[in-house]
Amino acid sequence: MREQNGFVDYFQALSTKAASLPNFGGDTNLPGRFSNQVVTDSSGNVLLQNPGPGTTGNTAVNQPAIKGPGILGLDMALSKRVRIGEKKTFTVRADAVNFLNKPQWANPNTDINSTSFGRITSATGSRTVTINARVDF
C-alpha cells in the first residue's frame, strides 16, 4: 500500500492500460466510445480484462473476493469512583473511541474501467473522547 496525491494505491504491482479495440462489426462510431481497460502486472501480462463482444465473463461485479486493508481499532475507557458520604458516590468516566487515531481505510476501487482502479480514496476513523460525571445517592 502506497500513499500518494491524496489517495492510497493498494495494488502497487498492478497498473491499467487501454484495452485493444475489438471488432464492432464494421460500425465506425463505436470505437470512439470504447473506454475499456485491462489490468496488467509489472511484466505487462494481462491479468484482468473485459469479456469480448458476444461473450460473458467469469468474475463477479466489484470483485467481492478482493478485500481491502484490515481494520484495527483500540477503544479505551477510564473511570474513577469516589465515595462522598455513606450512601453517596461520585463517578467520573472518560471513553475514547479509536484511541490511537488511526485511519480506517475503505476498500480499493475494483472497477477495471475506472481511472482510479486499485486506489483507496476515502478513510474514516477520527478519535472521539466522551467525558461524563455521575452522582449516585
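No value in this document is a laboratory result; all are computed from the given coordinates. In this text the structure is predicted, and so the values were computed from the model without any measurement. When we count neighbours, we look across all protein chains shown, and the Cβ atoms used for this are built from the backbone with ideal geometry, even at glycine.
Quick notes on this one:
- Consider the range 86-97 and keep the residues that are in contact (Cβ under 8 Å) with a residue 40 or more places away in the chain and part of a loop (DSSP other than H, G, I, E, B). The one that is surrounded by the most Cβ atoms within 10 Å (Cβ to Cβ) is Lys88.
- Each residue in the range 61-85 was checked for being surrounded by fewer than 13 Cβ atoms within 10 Å (Cβ to Cβ) and at positive phi, and 1 of them qualify.
- Filtering the range 98-127 to residues that are free of Cβ contacts under 8 Å to residues at least 60 places away in the same chain, of a type in the set (Val, Ile, Thr) and either assigned to a strand (DSSP E or B) or in contact with a Ser or Thr (Cβ under 6 Å, 6 or more places away or on another chain) (or both) leaves only Thr124.
- For the range 72-85, taking the residues that are outside any loop (DSSP other than H, G, I, E, B) and of a type in the set (Gly, Ala, Ser), the one that is nearest to the chain's Cα centre (by Cα) is identified as Ala77.
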